[in-house]
1. Under the Kirkwood approximation applied to all pairs of distinct alpha-carbon atoms, what is the hydrodynamic radius of the chain in Å?
2. For an R0 of 25 angstrom, estimate the FRET efficiency from the Cβ-Cβ distance between ILE477 and ARG455 and round to the nearest 0.05.
3. Given R₀ = 41 Å, what would the calculated FRET efficiency be for THR66 paired with LEU470, taking r from the Cβ atoms and rounding to 0.05?
4. Simple spin-label model, 7 Å along Cα-to-Cβ: SER79 to ALA353 in nm?
5. Over the Cα atoms of segment 50-179, how large are the radius of gyration and the largest Cα-Cα distance (Dmax), in Å?
6. Quick one: Cα centre-to-centre distance for segment 353-408 and segment 155-200, in angstrom?
7. Could you tell me which of the pairs LYS154/LYS208; LYS370/LYS469; LYS327/LYS412; LYS322/LYS427; LYS88/LYS370 are separated by over 18 angstrom between their Cα atoms in the structure shown?
8. Calculate, in nm to one decimal, what VAL31 and ASP127 gain on full extension: separation in residues at 0.36 nm each, minus their alpha carbon distance.
Amino acid sequence: MVCFGHLLFKPEALSWLFILHNYMDLTDNIVDNPFIRPHINSAAATYDIAFDPEYMDLAVATSHLTGEKINRFTHIQQSRDDMVKKPKFLRAIGRKTGTCFQRCVGWDALNTVYSVSYEIDQKYGTDYHERVCNYVKYIQKNDLMVVGGMTDPKGDRGLPPHKQPDPDLFVHVVEKKEDGIIVRGAKAHQTGAANSHEILVMPTVSLKPEDKDYAVSFALPLDTPGITLIFGRQTNDERKLGTLDQGNPTYGVVGGEALVVFNDVFVPWERVFMLGETEFVGMLVERFATYHRHNYGACKVGVIDVLIGATALMADYNGVPKASHIKDKIIEMVYLNENMHATSLAAGYESRALPAGNYYPHTMYANITKQSITRYHYEICRLAHDITGGFIATLPSEKDLAHPVVGPMITKYFQATAGVPTLDRIKIGRLIENVTGGTSLVESMHGAGSPQAQRVMILRDANLEQLKKLAKDIVGIDEEE
Ligand SMILES: Cc1cc2nc3c(=O)[nH]c(=O)nc-3n(C[C@H](O)[C@H](O)[C@H](O)COP(=O)(O)OP(=O)(O)OC[C@H]3O[C@@H](n4cnc5c(N)ncnc54)[C@H](O)[C@@H]3O)c2cc1C
């Protein structure tokens, strides 16, 4: 059956999820939909781990608001210990799923809005922080998954929101009512949106007073009337209709991103956390970015642990584990990966309390971490491809393997070291293809901001004037003169 723009999600609520893949027979059961199911499984790992005795210390925290035990993904971080546990926790899940498990974005959004709402209230006497605290309690009590909704479509990147020919390319308020506000616009690339409960929306760029209507932060359930989710296409995603060819059949690849469209959606006042305070938007964007960049030396490092393991296995299967250049390349993969984790841990160890009391990573180390992933992940994948060989680019399909005539030929001609089943070699090859593929790499490049955004922060925090003074002091150049 040919389906286009198939309606999948809560038709009675006019809240829709579209999957624009025109060759599949879709059911209206979102949970069993093969395009979404792996992302659900991956998100489920963030729930399962909280019941695993081995990881409980990392996965369970105590709410500072209620004193109750909660899943760490809903925690407002209270100490350096929390900020060090965060990367250890994310790495542990990445090692289990071998892909993005989606839930950190909303966690970072909660911590961001918690801190910024406090500072807005200090200035204006508003009650945003109390609203955020009530929201956090609700999320914690029900252990909900929240999308961190920052990135707007942005239109012409050189123009601020109010100068865009289409005013909806950034989320904005179109009406204020007695009981709340009406919002319009969209958030792009929203990780985990198809299988999350809520979305927490924040502005995406610093704003001037002319853009007051765009300075809005709010939270809504994702099945609110007027919200439409348009699911993203991934490299080779029709392979999700099979198993073996996916590479990571249980957990998929990346986070099942969607475009989330707000078509004149009502937000009640108790869910509005910022409205018009443009001078706080830069602070909010920087806080969210820093929280989120901290994570990349953790979740991705866990995924790369899986990749290094797969690559080393492939070297075994291919009969070259002892070759000196192979060992050296694997050492390089480990070296780069541990570098990223080390800077992420450092960002946690050097974290500090914000005025609201919650902890915030060291900005330089968090930005270094994210900048490194934009480069090292590519380099690590290059080394994985080098060691694996070309067969991951030319492998026949799962169906071919099951074919009575060509299947045995594939088994014969894709074998390597005696004793290693060809099927195992194909499975590991497909996993390497999955983890090193386009969709996965692009997330490392652009997730939590494109590389230039980190370089701007690195330059700011480097404090070049102070460094120049160090040099002058050593050679005796007088500051005054
Ligand atoms: C897999 C994936 C998952 C994601 N998940 C989420 C999520 O859960 N939530 C969320 O909110 N966002 C998410 N993002 C979005 C991510 O934060 C953005 O992709 C990132 O901020 C870059 O924005 P963009 O994609 O619009 O690219 P652009 O901003 O268009 O960047 C493209 C290039 O243009 C440059 N550029 C852009 N603007 C300017 C300018 N004004 N001047 C000079 N150069 C400029 C950039 O530096 C970059 O080199 C995700 C992205 C990916 C790929």
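1. Values: mean 1/r = 0.0420 Å⁻¹.
Taking every pair of different Cα atoms in the chain, averaging 1/r and inverting gives 23.8 Å.
2. Working: r = 28 Å, r/R0 = 1.14.
It comes to 0.30.
3. Values: r = 48 Å, r/R0 = 1.17.
That gives a FRET efficiency of 0.30.
4. Placing both labels 7 Å along Cα→Cβ, they lie 1.2 nm apart.
5. Expressed in Å, the Cα Rg and Dmax of segment 50-179 come to 17.9, 55.
6. Result: 31 Å between the Cα centres.
7. Details: LYS154/LYS208 16 Å; LYS370/LYS469 29 Å; LYS327/LYS412 28 Å; LYS322/LYS427 22 Å; LYS88/LYS370 16 Å.
Where the Cα-Cα span goes over 18 Å, the pairs concerned are LYS370/LYS469; LYS327/LYS412; LYS322/LYS427.
8. Working: separation 96, 0.36 × 96 = 34.56 nm, distance 3.80 nm.
Separation in residues times 0.36 nm, less the Cα-Cα distance, equals 30.8 nm.
Throughout, read-outs are computed from the coordinates displayed, never taken from laboratory work. Not measured: the values here are computed from a predicted model. Backbone-built Cβ (ideal geometry, glycine too); neighbour counts: all protein chains shown.
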